[in-house]
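Quick notes on the structure that follows.
The values are calculated or read from the model by the stated rules, or taken from the named source; none is laboratory data. Just so it is clear, the model here is predicted, and its values are computed rather than measured. Cβ: placed from backbone, ideal geometry, glycine included. Neighbour counts: every protein chain shown. SASA here: full protein model, heavy atoms, side chains in, ligands and nucleic acids out. Shrake-Rupley method; radii C 1.70, N 1.55, O 1.52, S 1.80 Å.
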Amino acid sequence: MNVESRERDVYYMGLALTEARKAFNAGEIPVGAVVVDSEGGIIAAASNEKERLNDPTAHAELTAIRQAAARSAGGWRLSGMTLYVTKEPCVMCAGAIVNARVSRVVYGCADVKGGAADSLYSLCSDERLNHRAEVTQGVLEMECAGLLREFFIELRRGCRAV
């Protein structure tokens, strides 16, 4: 990866981290997502809202994909777009990424217990599926993992409820 691409990824992951901090402050698991078009325009930004909405599908990735599909000239097909997300997508989110035709996924930290982009499964790049997304991992990994770690430490101490 060239320096310009890396800097771009760091910039947009920083925006996804801003969304994750919003979730953290709202008592949600701190995951944030941003969808960017091929020109670098921000099409959507979202954070986890499962608890607030009482909706198991209100993951940051799905909310951002829904917003992007509603705002995209191409409709639900998000070809040419990149999804930045602070934590590796789960199976549900990876399925939505494939179905929405997202071209690229960039995530911060791995999810060794439920990750479906690399850790447990490679759904986003599975050649058996009708669409594949390029996957880049580890962008601002320490910051993304640190925010999640802090959230769960507070949760275990009883400082936070979910």
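Could you tell me whether any residue of region 48-60 is in contact (Cβ under 8 Å) with a residue 40 or more places away in the chain and out of contact with any helix residue (DSSP H, G or I) (no Cβ under 7 Å at 6 or more places or on another chain)?
Yes: one or more hits.
Selection of region 1-28 for residues being open to solvent by 30 Å² or more (accessible area, probe 1.4 Å) and either closer than 17 Å to Glu141 by Cβ or small (Gly, Ala, Ser) (or both) yields Met1, Arg6, Glu7, Arg8, Val10, Tyr11, Leu15, Thr18, Arg21, Ala26. When the residues of region 101-160 are narrowed to those that are among the polar types (S, T, N, Q) and open to solvent by 90 Å² or more (accessible area, probe 1.4 Å), which ends up modelled with the lowest pLDDT? My answer is Asn130.
Inside region 53-68, residues that are farther than 19 Å from Gly108 by Cβ and either modelled with pLDDT under 95 or in a loop (DSSP other than H, G, I, E, B) (or both) make up a count of 5.
Which of the residues belonging to region 1-52 are under 21 Å from Gly115 (Cα atoms) and in a loop (DSSP other than H, G, I, E, B)? Glu28, Ile29, Pro30, Val31, Asn48, Glu49, listed by residue number.
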